[in-house]
Amino acid sequence: QPLWTMANLLGTAVYGHAALWRGLGRATIAGAAFQILIAGFIGALFGLANAYSVRLANWTSALLVGLASGLASFFLCHDWLYGLISPLIPVYAPRSSALIAHLLFGLALSRVTSIYRAMQPVTIFSS
């Protein structure tokens, strides 16, 4: 299968079932934009949920929270959201590779928290 299969699958929300057989095109762009929107929303929720606890967490707890967020986003997307958007997505979506992708997304979220913890406040003016 081509790399843009999942993007075309998400593009069925806009272009209907014909997006599955079109190949690389407008449906791919629409599906990729939809995926970026979902990932951005989940990342923003993760940031809001961990805004105050991020400085207290060590790297293992940040990793566990990130992986749990990736797992939760997998079940939220595949078992609820995609079915609302288009009935074709839950039927044709590859669950095993999507689970791995969501866990990698959670790993990236945990890495952002460790980068945030490493940042030091900068003083521009000193008295």
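Is there a residue in segment 58-70 that is open to solvent by less than 40 Å² (accessible area, probe 1.4 Å), part of a loop (DSSP other than H, G, I, E, B) and not charged (D, E, K, R)? No, that holds for no residue.
Scan segment 6-32 for residues that are surrounded by 14 or more Cβ atoms within 10 Å (Cβ to Cβ) and modelled with pLDDT of 80 or more and the total you get is 16.
Scanning segment 74-121 for residues being under 24 Å from SER61 (Cα atoms) and at pLDDT below 85 gives a total of 12.
The values are calculated or read from the model by the stated rules, or taken from the named source; none is laboratory data. If you're wondering where the values come from, they're calculated on a predicted model, not measured in any experiment. Here Cβ is always computed from backbone atoms with ideal geometry, including for glycine, and neighbour counts include all displayed protein chains. With ligands, DNA and RNA removed, areas are computed over all heavy atoms of the protein, side chains included. Shrake-Rupley method; radii C 1.70, N 1.55, O 1.52, S 1.80 Å.
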